[in-house]
Amino acid sequence: MGRGRQKAKHTKIARELKYDTHRVNFDSLERELGNPNDEDLYVDKWADEYEDEKA
């Protein structure tokens, strides 16, 4: 494909991305990402259960 045709194709794609209104379903996005409880936000799941032993 020549440079002119390639540039025209990229321009067409760029215009579609710029001007096309993408409809986002936020309800399904929220379900997919999960809705964590407020109490779990500050829990460090990687923390040790016990304090380090001091010898």
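Taken together, the values in this text are just the output of simple stated rules run on the coordinates, not laboratory data. Being a predicted model, the structure only gives us computed values, none of them experimental. Cβ: placed from backbone, ideal geometry, glycine included. Neighbour counts: every protein chain shown.
For the peptides 17-27, 2-12, the ranking by mean Cβ contacts within 10 Å, running from highest to lowest, is 2-12, 17-27.
Placing pseudo-labels 7 Å out from each Cα toward the beta carbon at residue 24 and residue 53 gives an inter-label distance of 5.1 nm. Report the local net charge at residue 24: Lys and Arg +1, Asp and Glu -1, summed over other residues whose C-beta lies under 14 Å from its C-beta. Net local charge, residue 24 excluded: -2.
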